[in-house]
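Single-structure report; data block below.
The values are calculated or read from the model by the stated rules, or taken from the named source; none is laboratory data. None of these values were measured; they are calculated from a predicted model. FYI the Cβ positions are ideal-geometry reconstructions off the backbone, even for glycines, and counts take in every protein chain you see.
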Amino acid sequence: MFKASYNRALVRMELTTVTPLSIRAGDIGLDPAGCELVCIRTRHALHGRTVFVPGSSLKGVLRSTIEAQLRSTTDATGACDPLGSNPCGKRSKDLAKDNNGPAVHQHSCLACRMFGSTTLKGRCSVRDEFPFHSATGDLTEEEHRNLTAANTVEIRPGVAIDRLSGSVKGGAVFEQEMVPAGVSFWGDAALENFQAWQLGLLFGALRELDEGYAQLGSGKTKGLGVVRARVLSLLMEQKPEGNEPVRPKGVGHLIGAKEATDYGLLPEHELPESAGVRHGIMDRFVISPESVGVWEEATARAVAAATTGVKL
Ligand SMILES: [Zn+2]
């Protein structure tokens, strides 16, 4: 969708574990004395081997949260079932074969428009979250402490319960690694060529996480993976429309009316006034933490409009 870049936003966030977090690695490693269920780790070139929150895990939680929200307020045009018999990717296969990008977009549900399908590139990408701010350069003392705390994993024993007798099945005990409570992770989510409602859905999903209605990782029913999710800042850029930066706009206000109709964009909503500066070939708007609330309110109104009586 859209061969040019009209606008983009970078949401910087902080996730702090309220209960232990277990995002499992696919394999158990080679250590014979190691746990059966280990946390996923990566090797950061500057800061070494560490636990982290993979962008794919967080994106999966954000997508399923948004899908649930859309399904409760709209019909199937709000969110298809990607694993069901007739998801958007399957329905628009022929359109995609004909390279008819606008029609594929027009016939995709709101969730697929945001996160993509097998025939449509998503607008939203989520990056890995690390237990330090600085991807480059030295860590502060606080970051060092946080990195050490995150990697001081807890090991909890678990048991398999025999469903008939209700007792421990054959004495089976397994060990599970967990990132402890009280540890922070930092990272970004990015949106490109987005409408106001898409930024609103992203904010809404982060709020669901923050309030504990959505959790990260495994063991959710056992209370694991509750996090506080805080939006630290918002950076937005858009294609200039004159000599001086104008107000920030959703993509529906930046492309022509014909293209908006071809792609089946929803009616666009206004974003809050913000002072911008020319930055390279784009106009840049840096939204401070104090002003993020105004953006959350404005984009929540766009979500409300998009999810009431939406016709695609
Ligand atoms: Zn869909």
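Any chance segment 72-81 includes a residue that's among the β-branched types (Val, Ile, Thr), outside any loop (DSSP other than H, G, I, E, B) and under 26 Å from Ile255 (Cα atoms)?
no
When you go through (1) over 18 Å from the mean Cα position of the chain (by Cα); (2) without any contact (Cβ under 8 Å) to a residue 40 or more places away in the chain; (3) under 20 Å from Ala306 (Cβ atoms) one by one for Pro102, which number turns out not to apply?
With (1) over 18 Å from the mean Cα position of the chain (by Cα); (2) without any contact (Cβ under 8 Å) to a residue 40 or more places away in the chain; (3) under 20 Å from Ala306 (Cβ atoms) applied to Pro102, the lone miss is (2).
Do we find a residue being at pLDDT 95 or above, closer than 26 Å to Asp75 by Cβ, under 20 Å from the mean Cα position of the chain (by Cα) and of a type in the set (Gly, Ala, Ser) anywhere in segment 241-251?
yes
Suppose the filter is part of a strand (DSSP E or B) and either farther than 30 Å from Ser57 by Cα or free of Cβ contacts under 8 Å to residues at least 40 places away in the same chain (or both); does Arg278 pass it? Break it down into steps so the answer makes sense when it comes.
Numbers: part of a strand (DSSP E or B): yes; either farther than 30 Å from Ser57 by Cα or free of Cβ contacts under 8 Å to residues at least 40 places away in the same chain (or both): yes.
Yes.
Applying the selection to segment 111-162, what residues are crowded, with 21+ Cβ neighbours inside 10 Å, of a type in the set (S, T, N, Q) and touching a strand residue (DSSP E or B) at 6+ places or on another chain (Cβ under 9 Å)?
Passing the criteria: only Asn146.
Six or more apart or on different chains, Cβ atoms under 8 Å: show the pairs whose first residue is in segment 56-80 and closer than 15 Å to Leu202 by Cα and whose second is of a type in the set (Asp, Glu) and surrounded by fewer than 21 Cβ atoms within 10 Å (Cβ to Cβ).
Here the result reads Thr65/Glu208; Gln69/Glu208, each pair linking segment 56-80 to a residue that is of a type in the set (Asp, Glu) and surrounded by fewer than 21 Cβ atoms within 10 Å (Cβ to Cβ).
Looking at (1) assigned to a strand (DSSP E or B); (2) in contact with a Ser or Thr (Cβ under 9 Å, 6 or more places away or on another chain); (3) surrounded by fewer than 21 Cβ atoms within 10 Å (Cβ to Cβ), can you tell me which one Phe185 breaks?
Only one criterion in (1) assigned to a strand (DSSP E or B); (2) in contact with a Ser or Thr (Cβ under 9 Å, 6 or more places away or on another chain); (3) surrounded by fewer than 21 Cβ atoms within 10 Å (Cβ to Cβ) is unmet by Phe185, namely (3).
Which members of segment 100-151 meet the condition of being closer than 22 Å to Leu266 by Cα, of a type in the set (Lys, Arg) and part of a helix (DSSP H, G or I)?
Arg113
Please verify whether Leu266 is hydrophobic (A, V, I, L, M, F, W, C), in contact with a Gly (Cβ under 6 Å, 6 or more places away or on another chain) and surrounded by 14 or more Cβ atoms within 10 Å (Cβ to Cβ), treating the condition exactly as stated.
No, not satisfied.
Which ones in segment 111-149 are away from the ligand (no atom under 16 Å from the Cβ) and among the hydroxyl-bearing types (Ser, Thr, Tyr)?
Quick first cut of segment 111-149, residues away from the ligand (no atom under 16 Å from the Cβ) only: 125-149.
Ser125, Ser134, Thr136, Thr140, Thr148 - these are the residues of segment 111-149 that are away from the ligand (no atom under 16 Å from the Cβ) and among the hydroxyl-bearing types (Ser, Thr, Tyr).
Check segment 303-310 and report whether any residue there is in contact (Cβ under 8 Å) with a residue 12 or more places away in the chain and over 22 Å from Gln69 (Cα atoms).
No - not one qualifying residue is present in segment 303-310.
Restricting attention to segment 61-110, which residues are more than 10 Å from the ligand (Cβ to nearest atom), surrounded by fewer than 18 Cβ atoms within 10 Å (Cβ to Cβ) and under 25 Å from Arg127 (Cα atoms)?
Result: Ser64, Ala68, Leu83.
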